[in-house]
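Here the structure comes first, spelled out in structure tokens, and everything after it is commentary.
Each reported figure results from applying straightforward, stated rules to the coordinates on display, with no laboratory input. Keep in mind that this is a model prediction, so the values were computed, not measured. Positions of Cβ are backbone-derived with ideal geometry, glycine not excepted, and every protein chain shown enters the neighbour counts.
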Amino acid sequence: MSDQVTVAMSGITKRFGGVRALRGVHLTLRAGEVHALLGENGAGKSTLINILAGVVTDYDGEIVLGGEPVRFAGPAAAQAAGIATIHQELDLVPALSVAENLTLGREPRTRLRTLDRRAMARTARDWLAPLGVEIDPGRPVGSLRVGEQQLVEIAKALSLDARVLIMDEPTAALADAEVRRLMSTIRALRGRGVAVVYISHRLEEIEHIADRATVLRNGEVAGTLRPGPADRQRIITLMVGRPAQALFSAGSAGPPRPAGPEVLEVEDLAVRPRSARPGRCEPAGVSLTVRAGEIVGLAGLMGAGRTELLEALYGAGPPGRRSGRLLLAGRPYAPRGPRCALRAGVGFVPEDRRRAALVLEHAVGRSIVLAALRRFTTAGVVRSGRERDAVHQQITALAIKTSSAGAPVGSLSGGNQQKVVFARHLLTRPRLLLLDEPTRGVDVGAKAEIYRLLRRLADDGMAILLASSELPELTGVCDRILVLRHGRVVAQLPAGRCTGEEILTAAMGGAAAGGDER
Amino acid sequence: MTHLSAPGKRPGAAVGPAGEERPGATATGGHRWFPAGRGELVERLFAVQSLFALLLVFVLAVVVSPRRDGEIIFLSTENLGNVVRAVSEIGIIAVGMTFVVLLGGIDLSVGAILGLSAVGTATLMVDSGFGIVAAVTVVLLIGALFGALQGYATARLGIQSFIVTLAGLQVARGLARIWSGGLGIPIAYGDGPQEAPAAFEILNGSINGVVPVPAVLFVGIGVAAIVVLRKTAFARHVYAIGGNEKAARLSGVPVLRVKVAVFAIAGLLAAVAGVIHAGQLNQGSPNDGAGYELDAIAAVVIGGTSLAGGTGSMGGTLAGALLLGILNNILALNNIDANVQLLIKGLVIVAAAGLQKLRRSIV
């Protein structure tokens, strides 16, 4: 990292209607530095980078890029000036190959003006190599893993002479190995003098990769620091603006509670899908139990089969043959589909709330009652009074921050959207709640609230099965942790007394320290 | 981060903080004294957009209407009755189409089903000696069944409704021609053989000589559909599937059943329109109704229902259908060439779609 300043944003202020999103924000990005941008949802991170990327054009304040004041007319202008953004939703064409994507719009031609495929592949390799990426340029982008697609996108940005690279939650969808690869790529970028803006909710990553971190709170800079493991508490304090009470305090496994009756018993569950789907790892002989009042964690690497297991238990997987024995509250349970599972008293909060749970245009209230509509319906007609009461009760109980029950879900923050999904399933009064990455893309404050909620539900006798890739979440919230690998349970660990390393070791196939290996 | 320029549904959107810091979020989170979120206000405003447009076109029609003895012809009871009568068939079809479009689908077969039903009504009464009730019941059942089959094909086999109903269009048209022998079947009224019951002529009549019967049917069906869409769990399911089918399924919505029901409704209403058509023209012609599906879709779009599914309203569709009817009427009253009418209709559709886009970018 040099002291050469690539970008200096100063006095950035932005209002949306009557609401101030940013006030007097200063941010400097130096060549070759990785600059983390931290803050709870709604703190102004997205607005700030939207301004830098030319998406938001009317603001007060000044941006100086390479010594010259600039004001972008739009995203294209920012890109032309060397500011590239790696969005969470990647901007690649899935059907085209890596090489075609990298050369899109400036394809090398032969003398006959036809595509010069060889030159194309060569160029692509030239751009990928410096990043330490080995991907066959001929593969269609759609067949790549998310992490690989991201690397392609980074290579594309560099090929367009990006001086500033904005990465918005780049690791949210990555497996650990992919995260490591991304980290080494980011280090390579640093060596090339690129300034990287790195937005993430994962503090460990930021400690690992970032040279500096700027924390935003309520649209203002709460502080800038060099992050290290020792600063974690300080960062959280800066983000939430109050001393960080331990995130997991409410959820943490306290004194062992008397175990309730077994709600879910799974014996040797295996699923053979009718047609094989690449990238899926169906349960291949899973046995487990979840008792009332218990939060059981499901750990495992990406692709270990956590999601597939939960889907199988909810009847939501692809069509196929299921073998093994399932008991729900002591009675045989054969979920033919989500509808059937819901009736049996099973709820499921999926991993990808936007793709699998919500319609952003729909009203909060209607989204909440969707799964429990039967309870508010007489002869097909929805009884609006009873519906309204239930909605308001859920909004209050879960402290969902919304202007009204009629506001579109899309106007809520990520954490509150997630609470809407929770509310929907709690309204069905499930005895077993299946959760897949319930705090993904949720800010620290909302996370703590969700953990408290889970503990309260468990205390009320609900059985909870929680799949997560965040180790602190597993060790902090769960009573027991099951580690999955290749669709099998490979270890069972008591959450209170195991460390993240133990879980990872088991998940990666090493000797499970302290686990009862099966 | 959010593309502020193009929010709305992005099927490929990944989970994460993307979009969490949308300005709307800050507004709703930090300023709870707002009576409603900005998004909600805009939605409400646009919900009545088509009503405003209807009002505007109405006023315009009054202004430009030719006069006779100082009387505004457009506003005469006879003319207004004609407007609604002319709109009733497309309007009834558009009601069914609204359900389909809300579901995220499209139904191209409704025009052909209208033709089939008109032929069926005429043939059953004239050739087969059916009474009115029997003939109409059979025809409506055929329409509903035809729609249900199409719904089952899209839902079960996963074929896009565009394709299924494109095939359905051919099949229904073919059936209509086979059934009629390719020629229009005239309906004569009377008690003899080869004659339809005289009561069927009611579709050509008016209540108290003022309100045309088809108009009454149209308004009745429209109002019933508004109630259904507002009050029933079925409607919630339609919106949910149209907005996000996977989410609907995971929330326990019986997707297959709802889809079959929606296409059955579309088929049924197309058959109702077919019966009215036969009554109004005193014949069942197998080629009638061609292109009606497109007019119905136009009414739905002008009414503000998104072709992507999940958002829209029945009131909008009714307003859209009436708007098109008034437009046709006033252009005809002013002796403007029918081909120019087509041009203007096209412009109105584009304007409506443009307003839709605007809504997306504001919310």
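At a glance:
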quantity: Residues with amide H under 5 Å from that of A:Gly300, placed H, sequence gap 5 or more; calculated: A:Leu484
quantity: Number of partner chain Cβ atoms within 10 Å, mean per residue of B:233-245; calculated: 5
quantity: Sparse-neighbour loop sites [GluC sites (Glu not before Pro); segment A:312-406; at most 12 other C-beta within 10 Å; DSSP]; calculated: none
quantity: Highest-fluctuation residue, B:Leu157, B:Leu294, B:Leu331 considered, GNM on chain B with Cα pairs under 10 Å; calculated: B:Leu157
quantity: Over chain A, relative contact order from alpha-carbon pairs under 8 Å, at least 6 apart, %; calculated: 15 percent
quantity: DSSP-assigned coil residues among GluC sites (Glu not before Pro) in segment A:67-136, each with at most 11 further Cβ atoms within 10 Å; calculated: A:Glu134
quantity: In Hz, Karplus ³J(HN,Hα) per residue of segment A:376-382 (6.51, -1.76, 1.60; θ = phi - 60°; x = Gly, Pro); calculated: 10, 10, 10, 6, x, 9, 6
quantity: Ascending count of other beta-carbon atoms within 10 Å, so fewest first, for A:Arg113, A:Arg353; calculated: A:Arg113, A:Arg353
quantity: Ranked list, fewest to most other Cβ atoms within 10 Å of each Cβ, for A:Cys478, A:Cys498; calculated: A:Cys498, A:Cys478
quantity: Long-range amide H partners of A:Ile86 with built H, under 5 Å; calculated: A:Ile166, A:Met167, A:Asp168
quantity: Backbone N under 16 Å from the B:Glu71 label point (7 Å along Cα→Cβ), restricted to segment B:203-218; calculated: B:209-211
quantity: MRE, 222 nm, helices only [DSSP H, n ≥ 4, -39500 (n - 2.57), over the protein assembly as shown, to nearest 500]; calculated: -14500 deg cm²/dmol
quantity: Peptide-level mean, for A:347-357, of C-beta atoms on other protein chains within 10 Å; calculated: 5
quantity: Other protein chain Cβ atoms within 10 Å, averaged over every residue that makes up A:399-408; calculated: 6
quantity: Distance violations [Cα-Cα > 32 Å] among A:Lys401/B:Lys231; A:Lys14/B:Lys357; A:Lys419/B:Lys231; A:Lys401/B:Lys357; A:Lys447/B:Lys259; calculated: A:Lys447/B:Lys259
quantity: Distant-in-sequence amide H partners of A:Val489 (H built 1.01 Å from N, under 5 Å); calculated: A:Ser287
quantity: FRET efficiency, 1/(1 + (r/R0)^6) with R0 41 Å, evaluated for B:Ala338 and A:Arg272 via beta carbons; calculated: 0.10
quantity: Gain on full stretching of the segment that runs from A:Arg431 to A:Thr396 - 0.36 nm per residue minus C-alpha separation; calculated: 10.4 nm
quantity: ³J(HN,Hα), Karplus 6.51/-1.76/1.60, whole Hz, each residue of segment B:64-78, x for Gly, Pro; calculated: 8, 5, x, 10, 10, 6, x, 8, 6, 5, 4, 7, 5, 4, 4
quantity: Hz values of 3J(HN,Hα) by residue in segment B:322-335 - Karplus curve (6.51, -1.76, 1.60), Gly and Pro given as x; calculated: 5, 4, 4, x, 4, 4, 4, 5, 5, 5, 5, 4, 8, 6
quantity: Least to most buried among A:Asp231, A:Asp3 (fewest other Cβ within 10 Å first); calculated: A:Asp3, A:Asp231
